[in-house]
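Written out below as structure tokens is the structure these notes cover.
Any read-out appearing in this document is the output of simple, stated calculations on the displayed coordinates, not a laboratory observation. Quick caveat: nothing in here was measured; it's all calculated off a predicted structure. Glycine also receives a Cβ, built like all others from the backbone with ideal geometry; neighbour counts cover every protein chain displayed.
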Amino acid sequence: GNRVTCIDISEEKIEMLRRGQAPIYEPGLNEMIARNVRGGRLHFTTEYAEALEDAEYIFICVGTPSGVDGEADLQYVRMAAESVARCMTHPVIVINKSTVPVGTGDWVADIIKRSQPEPIDFAVVSCPEFTREGSALYDFMNPDRVVIGSRSREAAEKVAQLHLPLRARIVMTDLRTAEMIKYASNAFLATKISFVNAIAAVCEAVGADVNDVVLGMGYDKRIGEAFLRPGPGWGGSCFPKDSHALVKIAEDAGYDFGLLKGVIDVNEEQFARVADKIARHAGGDVTGKVVAVWGLTFKARTDDLRDSPSIEIVSRLLARGAIVRAYDPAVEPGTTDQRLAGIEVVGDPYQAVEGAEVLAVLTEWDEFKWLDFDKVAEGMAARRVVDARNLLDRTGLARRGFEYEGI
Ligand code: UDX
């Protein structure tokens, strides 16, 4: 029921949004935008002054990409804070949702103070975002917790009020602690996945099944089953960036975060291990051989290719001279994207396997499970599958004469 105005510096994005179209793929988002635009609650603009006119709360939700040393690049946060400061006409609460290094909240307060043409009261609150791509709307509406950090008790309570309809647990703390909670959460989740991928490597060496190991571990409430799916390694726009940033934050503060460095190393090893496995199934030397790939995005139900484990693995195969033909339900053939350089992207999963020595499943799109594997078998030069997401029915494949290896 709140009235919301979204600001972006990109005219193009704002134009798309005004037409009711989200510039990213997120299930349910277009419908939600349309519903709220129709209801007169949601507006889009490129003008700060217009958006700030009668705003009580200002959320900063800009990108914080990786800088040269892995530290978060805060230029967009700075620009947003300066623009807010210049256009403020009355007291406001500035809430930072972007993932930012510890201490950024204080820095933002400083920037606003220095950039204001005349002093107007404001408070800075940290309220980190925990939504996942692909289930962002659900995650937002059903949060496990809402974290609110501020120096101002009054501002923190107002932001808590704003979140009350979500009926979530609220953690009230100071600015720095709230910022740390976000990094610690992402780093811990990445640690869980690297841990299970390392366990999978040991399982493969000793002849145990990691899937049942995870089942047996996950039932222990202290461990939990979430984020213990073995796979090709973790990726996306957050885990890689945020884990490197936390290593840097710790280093700058005089702590050598060896554990987290190990988590990152295990992830890099996982890309190499999966690439090796694919090459091994194609006979060792992949030069000039066709490798079919299903899945390019960093996980299913998103069209995001940023830091995709699939692309990491494919680039290792390309470097060894393989011909990679890939299909992904969210990537159109002919898509011009630097990250897809050297990959032949096709619009059909059966076309991808045509003449292939091996099929690698690198993203867990559900639809891959229900394909016609007799047709897949007919098209391939050899019936071999490396399933880096443990997605396919291995018994069904074995029945059709496939050589199958998962994680
Ligand atoms: C993540 C956090 O989950 C979210 O809370 C934060 O706000 C942003 O970063 P997201 O980047 O959308 O969200 O992806 P997520 O679903 O967490 O997956 C990250 C990576 O880990 C993907 O590559 C995924 O395939 C991999 N993963 C996840 C596994 O390999 N195994 C798992 O069990 C879970």
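Taking the longest Cα principal axis of the chain as reference, the axis of helix 104-115 is set at about 40 degrees. The lysines within cross-link reach of residue 277, meaning a Cα-to-Cα straight distance under 18 Å and a gap of 8 or more places when in the same chain, are 289.
In this structure the amide hydrogen of residue 173, modeled in the peptide plane, comes within under 5 Å of the amide hydrogens of 148, 149, 150, none closer than 5 places in sequence on its chain. The listed peptides 177-188, 66-77, 212-223, ordered by packing as a protection proxy, come out as 177-188, 66-77, 212-223 (highest mean of other Cβ atoms within 10 Å first). Applying the Karplus relation 6.51 cos²θ - 1.76 cosθ + 1.60 with θ = phi - 60° to the range 250-267 yields 3J(HN,Hα) values of 5, 4, 4, 8, x, 10, 8, 7, x, 4, 5, 4, x, 4, 5, 4, 4, 5 Hz, where x marks Gly and Pro. Residue exposure proxy: 203, 238, ordered by other Cβ atoms within 10 angstrom of their Cβ from fewest to most, comes out as 203, 238. Using θ = phi - 60° in the Karplus curve 6.51 cos²θ - 1.76 cosθ + 1.60, the 3J(HN,Hα) couplings for the range 320-326 round to 8, x, 6, 9, 9, 10, 10 Hz; x is entered for Gly and Pro. The angle separating the long axis of helix 29-38 from the principal Cα axis of greatest extent in the chain is about 30 degrees.
Available extension along the chain between residue 381 and residue 395 is 3.0 nm, counting 0.36 nm per residue and deducting the alpha carbon span. Using a cutoff of 8 angstrom between alpha carbon atoms and counting only pairs six or more residues apart, the relative contact order for the range 177-303 works out to 27 percent. Of the residues 380, 141, the one with the fewest other Cβ atoms within 10 Å heads the list, and the complete ranking is 141, 380. In terms of surrounding Cβ atoms within a 10 Å radius of their Cβ, 385, 171, 266 rank from fewest to most as 171, 266, 385.
Across the chain, Cα pairs under 8 Å and at least six residues apart give a relative contact order of 11 percent. Candidate cross-link partners of residue 261 among the aspartates and glutamates, defined by an alpha-carbon separation under 13 Å and a same-chain spacing of 8 or more, comprise 242, 251, 269. Legend: residue pairs 97/192; 299/369; 182/369; 192/221, Cα-Cα distance threshold 26 Å; pairs beyond threshold, 182/369. Here the peptides 46-55, 274-283 are ranked by packing, the mean other Cβ count within 10 Å, and the order with the highest first is 274-283, 46-55. What the phi angles of the range 193-198 give under the Karplus curve with 6.51, -1.76 and 1.60, with θ = phi - 60°, is a coupling list of 5, 4, 4, 5, 5, 5 Hz, glycine and proline written as x. A cut-off of 5 Å between modelled amide H atoms, ignoring neighbours fewer than 5 places along the same chain, links residue 134 with no other residue. For residue 384, the amide hydrogen comes within under 5 Å of the amide hydrogens of 359, 403, counting only partners 5 or more places away or on other chains and with H modelled in the peptide plane.
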